[in-house]
Amino acid sequence: MGAIRETTWDDLDDVVELLAARSRAVFGVSEVQREQVAQSWELPGYDIGWVAVANGGIVGHAALDATHDVVHAAADPADGDALLERVEQRARERGFDDVALRVVPEDGPLYGLVRRGGFTMQREIVRMWRPLTEPFDEARWPDDVAVRTYSDTDGDRVHALLDETYAAWDLDYVPRSHDSWLAFMTDHDEFDPELFFLVERHGELVACALHWKEVNGRGWVKDIVVRTDQRGRGLAKALLQHAFRSYADRGVAKVGLKVDSTNPTGALQLYERLGFVTDQRQGLWVKRL
């Protein structure tokens, strides 16, 4: 078993390589990027946690986000358990009532950790992709709405709509502070206000779809929500088709997203009708403290 100590910024490159190696072992490729890991470490409320050190190198890492999500990587079960113990202790100190991990069965060490560590799988997070090389319809909007892109003055309203919509059905939803949300959504290279689409009706924000800037020919739907009293009007469908056109005009080959399997709004079924295909399912495992 390695020695457990607190993570420092000097460990960043070694932690990135540890996470990337874990991803390659599980999926065959790694999408772990140094810039994204560094960005998460800088978020308000993000605890960069601990590392396990053995033979002069980092062999394990665990961190805790303000949303109660845990990042965890350790091949040795003893290291994994020791790191989880530190995470749970810190979570209790911060007043958290639970912690959560996203796990695929192919990740043997992490799957073993949640099964022996008292976690319960709550639901699945489904990753889907839609190729833009296949035809798609152009967006059609109700006559009483207007669509525009994001500006700096929209942050409060967009954040409030996201929190209101997600909290209405997800009992485990943990909102970020506004400073943390702004940093997470806008303070990095993948933010492009021209890909944040806002729908207003009589001057009120009723729906939005927030997308990351394209990378390596791929786009990503980060968030899409419609206010409860405006559902059934085709706004989510139109927002997705609007994004398809915007991405296609930029030469993007495919668009991805993640959806909660228990989302009661019919989101999964809508995505399937619009041509999205599932390529991965992650279990969301939660431990009550």
Notebook entry, point to check: Within region 202-215, can one find any residue that is of a type outside the set (Lys, Arg), out of contact with any Leu (no Cβ under 9 Å at 6 or more places or on another chain) and within 24 Å of residue 31 (Cβ to Cβ)?
Noted result: yes
Next item on the list: Only one of these is outside the structural domain of residue 181 (by TED's automatic domain parsing) and modelled with pLDDT of 95 or more: 75, 82. Name it.
Entry: 82
Check: So which helices (runs of 4 or more DSSP H) are wholly in region 1-104 and hold at least 3 residues that are over 17 Å from the mean Cα position of the chain (by Cα) and in contact (Cβ under 8 Å) with a residue 12 or more places away in the chain?
Finding: 12-27, 77-93
Next item on the list: Tally the residues that are in a loop (DSSP other than H, G, I, E, B) and surrounded by fewer than 18 Cβ atoms within 10 Å (Cβ to Cβ), restricting the search to region 105-116.
Entry: 2
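Conditions (1) crowded, with 16+ Cβ neighbours inside 10 Å; (2) among the polar types (S, T, N, Q); (3) within 29 Å of residue 242 (Cβ to Cβ); (4) not assigned by TED's automatic domain parsing to the domain that holds residue 237, marked per residue:
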| residue | (1), (2), (3), (4) |
| --- | --- |
| 96 | yes, no, no, yes |
| 123 | yes, no, yes, yes |
| 144 | no, no, yes, no |
| 161 | yes, no, yes, no |
Next item on the list: Kindly indicate whether residue 149 is without any contact (Cβ under 8 Å) to a residue 24 or more places away in the chain and of a type in the set (S, T, N, Q).
Entry: no
Next item on the list: Any chance you could count how many residues in region 263-277 are assigned to a loop (DSSP other than H, G, I, E, B) and loosely packed, with under 14 Cβ neighbours inside 10 Å?
Entry: 2
Item checked: Enumeration of residues in region 245-255 that are assigned to a loop (DSSP other than H, G, I, E, B) and of a type in the set (D, E, K, R) -> 250
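The values are calculated or read from the model by the stated rules, or taken from the named source; none is laboratory data. Quick caveat, the model's predicted, so the values are computed rather than measured. As a convention, Cβ positions derive from the backbone with ideal geometry for all residues, glycine included, and neighbour counts pool all protein chains shown.
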